[in-house]
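The values are calculated or read from the model by the stated rules, or taken from the named source; none is laboratory data. Every value quoted in this text rests on a predicted model; they were computed, and no experiment measured them. Don't worry about glycine lacking a Cβ; one is built from the backbone with ideal geometry, like all the others, and counts go over all protein chains shown. Side chains are part of the model used for accessible areas, which takes the heavy atoms of the whole protein and leaves out ligands, DNA and RNA. Shrake-Rupley method; radii C 1.70, N 1.55, O 1.52, S 1.80 Å.
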Amino acid sequence: MAHSRASKLTVRGLALGYMAVLVLVPVGYVLIHAFKPGLTGVWNSLTTPAAQHAIQLTVEITAIAVVLNTIFGLIAALVLERTRLRIRYVLDLLVDLPFAVSPVVVGLALLLLYGRQGWFGGWLTDHGIRIVFSMPGMIIATVFVSIPFVAREVGPALREAGTEQEQAAATLGASRLQAFWRITLPSIRAALAYGVVLTTARALGEFGAVSVVSGRIAGQTITLPLLVQQRYQNFDQTGAYVAAAFLAVIALLVLLAMTVLSPGRRKTR
Amino acid sequence: MTIEVRDVTKRFGEFVALDDVSVAVDDGSLTALLGPSGSGKSTLLRVIAGLEAPDAGTVLIAGEDATGVPARRRGLGFVFQHYAAFRHMTVRDNVGFALSIRRRPKAEIRARVNELLTLVGLAGLHERYPDQLSGGQRQRMALARALAVEPRVLLLDEPFGALDTGVRAELRAWLRRLHDDTGVTTVLVTHDQEEALEVADRIVVMRDGRIEQAGTPRELYDRPANDFVMGFLGSVSRIGDSLVRPFEIELRTEPVDGAPEGMVRRTVHLGFVVRVELVLDDGTPLTVELSRPRAEELELAAGDIVWVVSDVARRPGRPPATAPAPAAGR
């Protein structure tokens, strides 16, 4: 079908305009405002004790959530695509659950389970374990909301790679583990990397669920997204923009790093 | 290395892929499992390889029960229809895979890979990726990969099924030479009767998960156990209730007592063979193949009336066929 030049331009214009209105303009606005006080101002705003702690906490929580969800996502995808276990029907639904449930609801659920008045609250308090209003709860909340990405990216790649290469490896003397490391993993590498990027981005930016379980204890349970909101509410607009811009920059760097590390994504997918 | 399959049954849900199958493969032979799709031939091969577990029955390799032995410990080479090339590895790493799994020294792997690539005619393509090879080259690579650790048996699942006719014929002849050179016991799955007749020492004809007949190509061609085997190995024509090879029918231009009468619809010249398409007086079509001299002698043209003589239909021990006719629609 031959598209006229005009219609091509219209389609491109619409797509670009849509992206611009929804993404580029707001992000650009944040960046511009962040740099309004000048580089020194940005530096000072990022090096306050509160900001330093928020950055460290965010990176730690994200790192733990990404590692856990990469392992879980791989296992879930393997169970869904490579086994005939009954459990996979349930698993298939559960993996998508974080997409369907609002993060705030997740946060509240965690409060109800682990909070002082919650089901396990008494037991936990007796044993001196603190989950809610501290890092463990925030990790659980972050893990939960970022569950689907690795599993949902890796699944189709596993399906496309098929089982023949794994069977060939078996006939050549490879154990299941050897076949996984040497055959399966390399053939899903690109999808896995993309899943990790999405998980990282989601974990970095998570607000709702973490906000509920964190209790927002200054200097203790404030992550970067929470810091943005806190500063904004305290009429420190510039500080909020700086923290937001920093968050956006980290996310962009992660995206860039993965693109550089796995140039094969376009080709194999 | 001998293989013996005893009373093997394999089901996939309701579908019975193998129904109490027993078959033996002789040491050093090249055996073809031949049958239409869904006949169970690939499943049988995969059961031998350990890629499928049978629901019942046993598999003996070199006289030992291998039924519960995992594929990786059976010491068999397996070649897949769609090559199953390791796409992220070079040709060198593909072929050397089995050796590197066994942690052989790098120098040894290098030497063995070079030797194998020369054997399969891929010398110099070491650093290519499978995507950069033709279908035929990929399958040669897969063969080299399977041969790397000197398997006791080589199992080939429709190895040439995805290739062009020309490449196919070439690889077929090459496989036979390879087998003669290495002497490795080989089992080949195919749905192509010509391939089986040309390459194999022994053919096992399968249908609906059962073995219809096993024997040398000549035994099967000359003394088929039933109509299915006869129809599957070469072209057939039907006269009344019996099947005949089209070149075993004689045509006469004078009336013969008791012989059916037919009218010539068309004659097709196929080099040495002339195919004559008839309609018998009861309306059934019949294809006959004549030698060129005989056809010239009869001077048949469309519309001519002829009498059909044949008394050789599936007569046991009839003389071996001299020139197998090209398939005229089996």
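Out of B:Phe247, B:Phe228, B:Phe232, one residue alone is among the aromatic types (Phe, Trp, Tyr) and open to solvent by 50 Å² or more (accessible area, probe 1.4 Å). It is B:Phe247.
Taking the criterion of being assigned to a strand (DSSP E or B), surrounded by 18 or more Cβ atoms within 10 Å (Cβ to Cβ) and of a type outside the set (D, E, K, R), the residues of the range B:288-308 that qualify are B:Val288, B:Leu290, B:Val306, B:Val308.
So is B:Ala142 touching a strand residue (DSSP E or B) at 6+ places or on another chain (Cβ under 9 Å), touching a residue at least 60 places away in the same chain (Cβ under 8 Å) and more than 20 Å from B:Ala214 (Cβ to Cβ) or not?
Working: touching a strand residue (DSSP E or B) at 6+ places or on another chain (Cβ under 9 Å): yes; touching a residue at least 60 places away in the same chain (Cβ under 8 Å): yes; more than 20 Å from B:Ala214 (Cβ to Cβ): yes.
For B:Ala142, the condition - touching a strand residue (DSSP E or B) at 6+ places or on another chain (Cβ under 9 Å), touching a residue at least 60 places away in the same chain (Cβ under 8 Å) and more than 20 Å from B:Ala214 (Cβ to Cβ) - is met.
Taking the criterion of being open to solvent by 90 Å² or more (accessible area, probe 1.4 Å) and closer than 16 Å to A:Val143 by Cα, the residues of the range A:85-101 that qualify are A:Leu94, A:Phe99.
For the range A:68-84, what are the residues that are open to solvent by 70 Å² or more (accessible area, probe 1.4 Å) and closer than 16 Å to A:Glu206 by Cβ? Before the answer, list the steps.
In the first step, residues of the range A:68-84 are kept if they are open to solvent by 70 Å² or more (accessible area, probe 1.4 Å); the result is A:68, A:71-72, A:75, A:84.
Listed by number, the list holds a single entry, A:Leu68.
Taking helices (runs of 4 or more DSSP H) as the structural unit, those lying wholly within the range A:1-76 and holding at least 2 residues that are in contact with a helix residue (DSSP H, G or I) (Cβ under 6 Å, 6 or more places away or on another chain) correspond to A:25-34, A:38-46.
For the range A:27-43, the criterion of a residue being open to solvent by less than 80 Å² (accessible area, probe 1.4 Å) and hydroxyl-bearing (Ser, Thr, Tyr) is satisfied by no position.
Residue-by-condition table, conditions (1) under 27 Å from B:Leu178 (Cα atoms); (2) β-branched (Val, Ile, Thr):
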residue	(1), (2)
B:Asp26	yes, no
B:Pro36	yes, no
B:Gly40	yes, no
B:Ile48	yes, yes
B:Glu52	no, no
B:Ala66	yes, no
B:Arg74	yes, no
B:Val95	yes, yes
B:Ala98	yes, no
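Listed conditions (1) crowded, with 20+ Cβ neighbours inside 10 Å; (2) in a helix (DSSP H, G or I); (3) in contact (Cβ under 8 Å) with a residue 24 or more places away in the chain are all met by A:Val132, apart from (2). If you go through the range B:65-76 and keep only what is more than 7 Å from every other protein chain (Cβ to nearest Cβ) and either among the charged types (D, E, K, R) or touching a residue at least 60 places away in the same chain (Cβ under 8 Å) (or both), you end up with B:Asp65, B:Arg73, B:Arg74, B:Gly75. Those residues that are more than 11 Å from chain A (Cβ to nearest Cβ) and over 16 Å from B:Asn114 (Cβ atoms), I need them from the range B:130-152; list them, please. Residues satisfying the conditions are B:Gln132, B:Leu133, B:Ser134, B:Gly135, B:Gly136, B:Gln137, B:Arg138, B:Gln139, B:Arg152.
Considering only the range B:31-64, state which residues are within 14 Å of chain A (Cβ to nearest Cβ) and in a strand (DSSP E or B). Selection gives B:Ile61 alone.
Provide a single number: the residues in the range B:228-275 that are assigned to a helix (DSSP H, G or I) and touching a residue at least 60 places away in the same chain (Cβ under 8 Å).
So the count comes out to 6.
Please state which one of A:Val25, A:Val79 is free of Cβ contacts under 8 Å to residues at least 40 places away in the same chain and within 29 Å of A:Phe180 (Cα to Cα). It is A:Val79. Whether a residue is over 25 Å from A:Ala218 (Cα atoms), in contact (Cβ under 8 Å) with a residue 60 or more places away in the chain and more than 14 Å from chain B (Cβ to nearest Cβ) was assessed, and A:Ala151 passes this test.
When A:Val104 is tested against (1) assigned to a helix (DSSP H, G or I); (2) open to solvent by less than 60 Å² (accessible area, probe 1.4 Å); (3) in contact (Cβ under 8 Å) with a residue 40 or more places away in the chain; (4) among the hydrophobic types (A, V, I, L, M, F, W, C), just one condition goes unmet, and that condition is (2).
Report yes if some residue within the range B:13-24 is under 24 Å from A:Ala169 (Cα atoms) and either in the same structural domain as B:Leu220 (by TED's automatic domain parsing) or touching a Gly at 6+ places or on another chain (Cβ under 8 Å) (or both); otherwise report no.
So the first thing to find is which residues in the range B:13-24 are under 24 Å from A:Ala169 (Cα atoms), and the list is none.
Scanning the range B:13-24, I find no residue that is under 24 Å from A:Ala169 (Cα atoms) and either in the same structural domain as B:Leu220 (by TED's automatic domain parsing) or touching a Gly at 6+ places or on another chain (Cβ under 8 Å) (or both), so the answer is no.
Filtered by the rule that a residue be open to solvent by less than 40 Å² (accessible area, probe 1.4 Å) and β-branched (Val, Ile, Thr), the range B:47-66 gives B:Val47, B:Ile48, B:Val59, B:Ile61.
In a residue-by-residue description of the range A:174-195, the property of being open to solvent by 30 Å² or more (accessible area, probe 1.4 Å), aliphatic (A, V, I, L, M), away from chain B (no Cβ under 14 Å) and assigned to a helix (DSSP H, G or I) applies to no position. None of B:Thr190, B:Thr165, B:Thr182 is polar (S, T, N, Q), open to solvent by less than 20 Å² (accessible area, probe 1.4 Å) and either within 14 Å of another protein chain (Cβ to nearest Cβ) or within 22 Å of B:Leu33 (Cβ to Cβ) (or both) except B:Thr190.
Taking the condition open to solvent by 20 Å² or more (accessible area, probe 1.4 Å) and free of Cβ contacts under 8 Å to residues at least 60 places away in the same chain, does B:Arg207 pass? I'd like the intermediate steps shown before the answer.
Values: open to solvent by 20 Å² or more (accessible area, probe 1.4 Å): yes; free of Cβ contacts under 8 Å to residues at least 60 places away in the same chain: no.
Criteria not met by B:Arg207.
Output the residue which, of all residues in the range B:86-106 that are assigned to a helix (DSSP H, G or I) and of a type in the set (D, E, K, R), is farthest from the other protein chains (Cβ to nearest Cβ). Of everything passing the filter in the range B:86-106, B:Lys106 is farthest from the other protein chains (Cβ to nearest Cβ).
Suppose the filter is in a loop (DSSP other than H, G, I, E, B) and either open to solvent by less than 40 Å² (accessible area, probe 1.4 Å) or of a type in the set (A, V, I, L, M) (or both); does A:Ile222 pass it?
yes
Exactly one residue out of A:Ala243, A:Ala157 is surrounded by 20 or more Cβ atoms within 10 Å (Cβ to Cβ) and within 14 Å of chain B (Cβ to nearest Cβ), and it is A:Ala157.
Please work out which residue is nearest to the chain's Cα centre (by Cα), limiting yourself to the range A:54-67 and to residues that are open to solvent by less than 60 Å² (accessible area, probe 1.4 Å) and within 12 Å of A:Gln220 (Cα to Cα). So, considering only residues that are open to solvent by less than 60 Å² (accessible area, probe 1.4 Å) and within 12 Å of A:Gln220 (Cα to Cα), the one nearest to the chain's Cα centre (by Cα) is A:Thr58.
Can you spot a residue in the range B:110-119 that is among the charged types (D, E, K, R) and closer than 19 Å to A:Ser175 by Cα? Within the range B:110-119, not a single residue is among the charged types (D, E, K, R) and closer than 19 Å to A:Ser175 by Cα.
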